[in-house]
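After the structure tokens below, expect a handful of questions from me.
The values are calculated or read from the model by the stated rules, or taken from the named source; none is laboratory data. What you are looking at is a predicted structure, and each value in this text was computed from that prediction instead of being measured. Note that each Cβ is placed from the backbone with ideal geometry, even for glycine, and that neighbours are counted across all protein chains shown. Heads up: the accessible areas ignore ligands, DNA and RNA and are worked out on the full protein's heavy atoms, side chains in. Shrake-Rupley method; radii C 1.70, N 1.55, O 1.52, S 1.80 Å.
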Amino acid sequence: MTAILRLRPEVLDYLETTLCRLKKEHSECLMSCLLDRLSEPPLTTTLRMNLQKASADEISQKLHTVLVEQYAKRQGFQPEIYIHPQVTDCLVVNNRGPESIVMIEKEVIVDAVCGAAVLRGSDVYACGILAAPSGMQPGDVVSLYADLNGLCRRGLVKPFDGPKCFLGNGRACVSRHDIFSSERRGLGIEMIEPLYLAPSLSGVLTDLIFPQNLPSIVCVHVLDPHAGETVLDMCAAPGLKKWLYIINFRWKDNSYSLPHEK
């Protein structure tokens, strides 16, 4: 699979310099392997639970019920969900992939941001679609690709021949005409055969769970705030770690958050 990965020049330079210093003889090979691994979606999805509203077992069961129905519309796999053995307010969903999928002649191109979201389990919203085949109607099955270098012109009809990454197959929810004749919002393509199977969590149990990477959850437990202390989050975007300790630690003392741009 061609990677969907864009690094800022200064980040790329830092990684190359660091690897060269650590492993000078094999730095080029290590850099290539690192970029390949970073471009693959994780094989687990971690969710922070709001244990003030329900127990971990109750939340796990509710999510399982939702995902059974959701996965039935895709490849029919049974979801694998468990409570993290050490971080007990973290729910883990095992993802799968890459799957062996037959590509379809009809192609839809999406931007790289949308493509990265699809690899993490999302369906495709109309605003992320760049190109679609002529005459595409609701119900048509299409193959999804991400434009890797931002070269695809919005509204393109003919097949896009620039660098692209296969994401899987989906079913159109709207026509091509509706996508490009207006500022269309909402669902554009429902994924039925994703290359990587992961939960689509938009609007799912929003009062009970929130997708959050495991290191962000762990760092709050390591911080372990106590009464009388002041907490300053120096890289809040949008401040989910702050809400984690407010909710699960019932934090009532001073807390300040600075956006990561500052």
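What's the number of the only condition in (1) touching a residue at least 60 places away in the same chain (Cβ under 8 Å); (2) in contact with a Gly (Cβ under 6 Å, 6 or more places away or on another chain); (3) farther than 28 Å from residue 215 by Cβ; (4) aliphatic (A, V, I, L, M) that residue 146 fails to meet?
Single failed check for residue 146: (3).
Continuing with the same structure: Which numbered condition trips up residue 39, out of (1) open to solvent by 30 Å² or more (accessible area, probe 1.4 Å); (2) among the hydroxyl-bearing types (Ser, Thr, Tyr); (3) within 26 Å of residue 114 (Cα to Cα); (4) modelled with pLDDT under 85?
(1)
Being under 17 Å from the mean Cα position of the chain (by Cα) and exposed (fewer than 13 other Cβ atoms within 10 Å of the Cβ) is the filter here; which residues of region 45-81 pass it?
Within region 45-81, no residue meets the criteria.
Please work out which one of (1) in a loop (DSSP other than H, G, I, E, B); (2) in contact (Cβ under 8 Å) with a residue 12 or more places away in the chain is the condition residue 70 fails and give its number.
(1)
Looking only at region 147-161, which residues are of a type in the set (Gly, Ala, Ser) and exposed (fewer than 13 other Cβ atoms within 10 Å of the Cβ)? Break it down stepwise before answering.
As a first pass, look at region 147-161 and keep what is of a type in the set (Gly, Ala, Ser): 150, 155.
Selection gives 150 alone.
For region 207-229, give me each residue that is surrounded by fewer than 17 Cβ atoms within 10 Å (Cβ to Cβ) and more than 16 Å from the chain's Cα centre (by Cα).
The answer is 207, 218, 219, 221, 222, 223, 224, 225, 226, 227, 228, 229.
Let me ask something additional. Within region 131-146, take every residue that is within 20 Å of residue 39 (Cβ to Cβ) and of a type in the set (A, V, I, L, M, F, W, C) and give me the one that is surrounded by the most Cβ atoms within 10 Å (Cβ to Cβ).
The first filter runs over region 131-146 and keeps only residues within 20 Å of residue 39 (Cβ to Cβ), leaving 143-146.
With the extra rule that they be of a type in the set (A, V, I, L, M, F, W, C), the set shrinks to 144, 146.
Values: 144: 27, 146: 25.
Step by step, filter region 131-146, then rank; the result is 144.
Since residue 88 meets every condition but one in (1) among the β-branched types (Val, Ile, Thr); (2) in a loop (DSSP other than H, G, I, E, B); (3) open to solvent by less than 50 Å² (accessible area, probe 1.4 Å), which condition does it not meet?
The failed condition is (3).
From the list 5, 22, pick out the single residue that is at pLDDT below 80, over 15 Å from residue 93 (Cα atoms) and surrounded by 13 or more Cβ atoms within 10 Å (Cβ to Cβ). Spell out how you get there, then give the answer.
Values: 22 fails: surrounded by 13 or more Cβ atoms within 10 Å (Cβ to Cβ).
The conditions single out 5.
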